[in-house]
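To start, the structure under review is shown below, and the notes come after it.
The numbers here are math on the coordinates, done by the rules we state, and not lab data. Only a predicted model underlies this, so the values are computations on that prediction, with no experimental measurement involved. All Cβ positions, glycine included, derive from the backbone under ideal geometry; neighbour counts span all protein chains shown.
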Amino acid sequence: MMNGLIPILPLFAVDLGMSKSLVGFYLATTYIMLFIGNFISGYIIDKIKNIKLLLIFSTSLFSFFIILHNFVSNQLQLFIFTSLLWLIAGAQSVMLNTIQGRRSNTNNTGKNYAKLSITTVLGVVLGGVLIGTLLKFLQMRTMFLFLGSVSAFTILGSLYLKENTSVSIEKESFFSFNKKIIHSPGHSLFIISAIIISIVNYILLLSLSIMMKEHGYEYFKISLIIAGGAILAIPGIFLFGKYSDLKGKKPFLISSYIIYIIGFIFLFNPIGIIFFLIAAFSRLMAVFSKNPISLAYMKEIASEKNLAKALSYFGSTIWFGGIIGFSFAGIMIDSLGYHKTFYIAAGLIILSVALLIASFKFKSEKI
């Protein structure tokens with residue numbers, strides 16, 4: 001559901017009178033809260049054995065903050081309510097990744113995280129179709145009220161979670177863990193490359209949403225295009241995750257980075273709906289392939305006591321990239337135009353791939 005909202009929120013902001021630059025700032029500001037929720041929750045989870053209680057509490061808040069969007073009447077309220085929603089979403093993503101990590105071994109982490117990623121993609125599909133359909137018949141604010149009410153039922157799923165409480169949790173300084181990352185050249189380069197490619201992802205996301213609106217597509221059609229791209233990406237995401245366990249993470253991770261280029265190529269001069277569909281497929285295939293493989297890599301290099309912190313560290317690169325990407329994407333599109341913005345994104349892709357390749361040349365150490 002959350003991923004179904006992502007393409008719609010920039011359009012909601014535009015309807016409230018925001019310029020492209022302000023839309024970018026709005027998304028960047030809310031992603032700061034997503035980054036905070038993700039980064040801090042990893043440290044909290046490693047100190048608390050019972051994730052189940054945290055998941056129930058966070059799911060309740062998540063539903064409440066969606067409902068609050070029904071009462072949005074100005075730009076400031078949208079900033080505040082979306083920030084709170086993203087704070088909880090960031091924490092929940094680490095919880096789910098940690099649960100999956102604890103239940104996976106090193107031989108199937110790529111495949112298992114790919115399966116988790118596919119459930120997120122299905123959320124894009126179902127959320128996109130549901131939200132698009134609701135917006136066809138309901139106003140934007142009423143749609144948020146409906147979604148908040150429906151999401152409250154997900155609390156029941158948290159109640160039935162069977163958590164493994166046998167994991168031994170040891171205390172470790174938050175700063176000492178960060179030093180392990182910073183002082184390891186391989187891990188540092190991996191994190192930097194992940195941030196850069198995340199910036200690219202959000203430049204493509206914002207460009208795709210705004211370009212479709214500028215070409216006159218209604219919310220319903222935009223949602224269907226995103227959902228169609230997600231469906232096309234599902235087989236590739238699973239195969240990337242599965243074969244990364246067999247053939248190694250490096251080639252598949254590099255490939256997922258490069259796939260972003262396809263999206264920018266098809267947005268360079270989109271002359272029909274098929275171009276937007278392929279661009280949507282490219283972005284979704286890239287992001288939902290790189291994320292599970294990267295999480296599997298972090299699982300491999302993390303000790304059991306630091307698993308949640310390691311997973312949240314990578315997760316934070318996604319949202320930190322969103323902060324930077326959304327902050328500058330709108331400004332670049334406004335001042336430079338789409339084509340020059342896409343050239344800059346292509347340069348960032350090349351840089352991120354180079355750093356990623358360099359990171360694998362260093363021997364991985366447990367953190």
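What list do you get for Tyr31, Tyr43, Tyr26 if you sort them by fewest beta carbons within 10 Å?
Listed from fewest to most nearby Cβ atoms, that is Tyr43, Tyr26, Tyr31.
How high is the relative contact order of the chain, given as a whole-number percent (alpha carbon pairs under 8 Å, six or more residues apart)?
32
For each pair in Lys115/Lys136; Lys250/Lys340; Lys52/Lys249; Lys52/Lys221; Lys52/Lys299; Lys52/Lys361, compute the distance between the two Cα atoms and list the pairs where it is over 27 Å.
Lys115/Lys136; Lys250/Lys340; Lys52/Lys249; Lys52/Lys221; Lys52/Lys361, as the Cα separations exceed 27 Å there.
For Thr133 and Glu214, calculate 0.36 nm times their separation in residues minus their Cα-Cα distance, and state this gained length in nm to one decimal.
Net length gain for the segment: 27.1 nm.
Roughly how many Å is it from the Cα centre of segment 224-268 to that of segment 131-157, as a whole number?
After rounding, the separation between the Cα centres reads 29 Å.
May I ask you to compute the full-extension gain from Leu156 to Leu126, defined as 0.36 nm times their residue separation minus their alpha-carbon distance, rounded to one decimal in nm?
8.9 nm
From the Cα gyration tensor of the chain, with a ≥ b ≥ c the square roots of its eigenvalues, which class applies: rounded if a/c is under 1.5, or else prolate if a/b is larger than b/c, or else oblate?
Cα axes put the chain in the oblate bin.
Given axes a ≥ b ≥ c from the Cα gyration tensor, I'd like to know whether segment 241-346 is rounded (a/c under 1.5), prolate (a/b larger than b/c) or oblate.
oblate
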